[in-house]
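Only one structure is covered here, and it is reproduced in the block below.
Every read-out reported here was derived from the displayed coordinates using simple, explicitly stated rules and does not represent laboratory data. Only a predicted model underlies this, so the values are computations on that prediction, with no experimental measurement involved. No Cβ is skipped: glycine too gets one built from the backbone with ideal geometry, and neighbour counts run over all protein chains shown.
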Amino acid sequence: MRRAEDRSSGGRQGIDLLGSHLRRAATESSVAGEMVGRKANRSGVGWGHCVSMAFMASSSQRNRTSARLAAIAESATLAVDAKAKALKAAGENVIGFGAGEPDFPTPEHIVEAAVRACRDPKMHRYTPAAGLPELREAIVAKTRRDSGFATTASQVLVTNGGKHAVFTAFAALCDPGDEVIVPAPYWTTYPEAIVLAGGVPVIIDTDEETGFRVTIDQLEAACTPRTKVLLFVSPDNPSGAVYPPEEVKAIGEWAVKKGIWVITDEIYEHLTYGPHRFASMPTLVPDLADQCLIVNGVAKTYAMTGWRVGWMIGPSDVMKASINFQSHATSNVSNVAQAAALAAVAGDLSAVATMREAFERRGRTMHRLLSAIPGVTCIEPQGAFYCYPNVSGLLGKSLAGKTANTAMELADLVLSESKVAFVPGEAFGSPGYARFSFALGDADLEEGIRRIADLVARS
Ligand SMILES: Cc1ncc(COP(=O)(O)O)c(C=O)c1O
């Protein structure tokens, strides 16, 4: 178990091609945590004091960017993707395993709904901050259909993507110093969102031995009187793990017993493979509903990453505060995107089934190809669209005459030598691993892994 201060161990090694964002990932977030704490202490001082202090400080003495924002690392996954795209644009034949987005176009009926919305003058105006009433109703019906959880439209907040729902959830729950238990490997955005909200991420390490799933014993050991929230994600990004229902239930019951909130990120609910199935924690543990926020969105299920529609569901008091917050921060989500999301969630799941089948096939192929590389071990993905191999067997070895000592250095080496981009485990709080997205075409997928296999075989 680790606290925020040391969550980037391994993240300080040099890396050139991928840039400084990864090196910075999380190292300075504890600074942000302190800043948030200091800001809270200052709040009793009063405006007069603040204003006179502001006059006393010359502009050269003051940071141009607030320490809180300066401490945020660029999203490592987006950065790797951007780097791969930039190399491609420069004429390099790069294969990118970085992006966490389906390669399929958004289904036609969804696009058509957006086109109709564009032509409807009603949609050219502000609409309620919490979301279009018909979309909130449809999310209620969809949630009951897909996860069995009963809620009401007033408990739904439509957000600018799932990412925005994640930020809102932590902002809604965290006071300065509140601890949030985060199992690692974790999606790279969570610690940043927690620290910005004033919280302290408390990291629990998991590995392939336990299928990248936390145990109650680990949770118990991480829990302190300051623990406010447990972050729970299944299917998981980046590990591809899916918790079986009995474990979801046990963790939910543990949270109820401890009086801890759970933020459950259900964005990959429809992307599960083989015998693995998504199970929603507040459905299995109804007593949890009063201390649980559900995060979800259309991005992954309907190939709608660019449309930016997500949502948060939770108890009325927290939702009311969150809606007030959104009314000042963003007002309503784009009406056109909401109309598209309405067509998505109100429609059937046939397009999703086709995409899920393709992902399952690609995941199996990628797992087989990665596992055949000496020095790489990989568990078969159970959900989402990522393989998360342990690449520590490649570290310290000579590859094309160079040696990588960390997954980050390996990512750099592979990008420069083989023109293949993946996201090193440091970005997810677990050095020694690497995330490969299989949301890309079969031919590219096979070619990309073959290039890495060739690099290793040549060395
Ligand atoms: C686990 C998880 N939650 C939430 C999101 C947010 O998705 P979006 O903001 O595109 O809806 C992502 C995106 O990668 C994710 O992997």
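Put one equal scatterer on each alpha carbon of the range 137-202, apply the Debye formula with no solvent term, and list log10 I(q)/I(0) at q = 0.17, 0.19, 0.26, 0.27 1/Å to two decimals.
Debye intensities relative to I(0), on a log10 scale: -0.71, -0.82, -1.01, -1.04.
Which FRET efficiency value, to the nearest 0.05, is calculated for Ser371 and Arg277 with the Förster distance at 22 angstrom and r the Cβ-Cβ distance?
Given R0 = 22 Å and the Cβ-Cβ separation, E is 0.35.
How big is D, in µm² s⁻¹, for the range 369-433 by Stokes-Einstein at 10 °C and 1.306 mPa s if Rh is the Kirkwood radius over C-alpha pairs?
D, rounded to a whole number, is 131 µm²/s.
When you take every Cα atom in the range 281-339, what is the radius of gyration, and what is Dmax, the widest Cα pair distance, in Å?
In Å, with Rg to one decimal and Dmax whole: 13.5, 37.
For the pair His124 and Ala329, what calculated FRET efficiency results from E = 1/(1 + (r/R0)^6), where r is the Cβ-Cβ distance and R0 = 25 Å, to the nearest 0.05?
The calculated FRET efficiency here is 0.70.
Which GluC sites (Glu not before Pro) in the range 242-318 pass both tests, a DSSP loop state and at most 16 other beta-carbon atoms within 10 Å?
none
Can you give the relative contact order of the range 108-347 as a percent, counting alpha carbon pairs under 8 Å and 6+ residues apart?
It comes to 30 percent, rounded to a whole number.
Please return the longest range in the chain lying between exposed loop sites, taking trypsin sites (Lys or Arg not before Pro), DSSP loop only, at most 16 other beta-carbon atoms within 10 Å, and leaving the sites out.
The longest uninterrupted stretch comes out as 278-396.
Distances over 43 Å make up what percent of all Cα-Cα pairs in the chain?
13 percent
Can you sort Ser437, Ser350, Ser327, Ser430 by how many other beta carbons sit within 10 Å, fewest first?
Ranked by crowding around the Cβ, least crowded first: Ser350, Ser327, Ser430, Ser437.
How fast does the range 145-270 diffuse by Stokes-Einstein, in µm²/s, taking the Kirkwood radius from C-alpha pairs at 10 °C and 1.306 mPa s?
105 µm²/s
Which whole-Hz ³J(HN,Hα) couplings does the range 151-163 yield from phi under the Karplus relation 6.51 cos²θ - 1.76 cosθ + 1.60, θ = phi - 60°, glycine and proline marked x?
Computed from phi, the couplings for the range 151-163 are 9, 10, 4, 5, 9, 10, 10, 7, 10, 7, x, x, 4 Hz.
Taking Cα pairs under 8 Å and at least six residues apart, what relative contact order does the chain come out at, in percent?
22 percent
Return the equivalent ellipsoid semi-axes of the range 65-179 as a descending list in whole Å, where each equals the square root of 5 times an eigenvalue of the C-alpha gyration tensor.
31, 25, 16
Alpha carbon centre of the range 397-441 versus the range 180-229: separation in Å?
24 Å
Normalized C-alpha radius of gyration of the range 312-431, against 2.2 N^0.38 Å?
In units of the globular-protein estimate, the range 312-431 measures up at 1.57.
Can you sort Ile263, Ile373, Ile72 so the residue with the fewest Cβ neighbours within 10 Å comes first?
Ile72, Ile373, Ile263
According to the square roots a ≥ b ≥ c of the eigenvalues of the Cα gyration tensor, what is the shape class of the range 215-359, taking rounded for a/c under 1.5, prolate for a/b larger than b/c otherwise, and oblate for the remainder?
oblate
Compute the orientation-averaged projected area for the range 108-347 from the convex hull of its Cα atoms and round it to one decimal in nm².
12.3 nm²
Rank these for me by crowding, Ile313, Ile204, going from fewest to most other beta carbons within 10 Å.
Ile204, Ile313
Are there GluC sites (Glu not before Pro) in the range 76-131 that DSSP puts in a loop and that have at most 15 other Cβ atoms within 10 Å, and which ones?
Here the GluC sites (Glu not before Pro) that fit, given the DSSP loop and packing criteria, are Glu92.
Taking square-rooted eigenvalues a ≥ b ≥ c of the alpha carbon gyration tensor, is the range 182-240 rounded, prolate or oblate, where a/c under 1.5 means rounded and, failing that, a/b exceeding b/c means prolate?
oblate
So what's the net charge close to Thr127: Lys and Arg +1, Asp and Glu -1, counting the other residues with Cβ under 13 Å from its Cβ?
So the surrounding residues net to +1.
Report ³J(HN,Hα) in whole Hz for each residue of the range 331-339, in order, from the Karplus equation J = 6.51 cos²θ - 1.76 cosθ + 1.60 where θ = phi - 60°; Gly and Pro get x.
Couplings: 6, 6, 5, 2, 4, 5, 5, 5, 5 Hz.
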